[in-house]
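Take a look at the structure set out below.
Taken together, the values in this text are just the output of simple stated rules run on the coordinates, not laboratory data. Predicted model, so just to flag it, every value in this text is computed and none were measured. Cβ coordinates were reconstructed from backbone atoms using ideal geometry, including for glycine residues, and neighbour counts include every protein chain displayed.
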Amino acid sequence: MLYVFRGHVEASSHDEVSQALESLRQATLAGDADKLGALLADDLTFVTATGRLITKPQYLRAVRGRMLVVDHLTFEDIAIRIYGNTAASHNPSSC
């Protein structure tokens, strides 16, 4: 998965990005749609394994309605790159 974080990212803040990823992981596992809503960009689009596009509002509705439940999520071999106030993280995930 590729995650992009914008805003208050400092040039040497790999720890900050790692913490954001952990917050995202915990909110996903908890099914906390409010926390996910705060963490995810408004223009987020997920692409499912079947190629279907899902917007942030659709994703959050699925989480709130318990149509999407994740009970296991790990991030492995995280690669973080920081570009000014933007950070990109690429990490294979296991659900």
Self-check item: trypsin sites (Lys or Arg not before Pro) within segment 7-67: DSSP coil, no more than 10 neighbouring Cβ in 10 Å
Solution: 52, 66
Quiz item: Over segment 26-95, what is the relative contact order in whole percent, taking alpha-carbon pairs under 8 Å and six or more residues apart?
Solution: 26 percent
Quiz item: Residues of segment 52-92 with amide nitrogen under 16 Å from the 7 Å Cα-to-Cβ point of residue 16?
Solution: 80-89
Practice problem: Quick one: net charge around residue 31, please, counting Lys, Arg +1 and Asp, Glu -1 for every other residue with C-beta under 10 Å from its C-beta. | Solution: +1
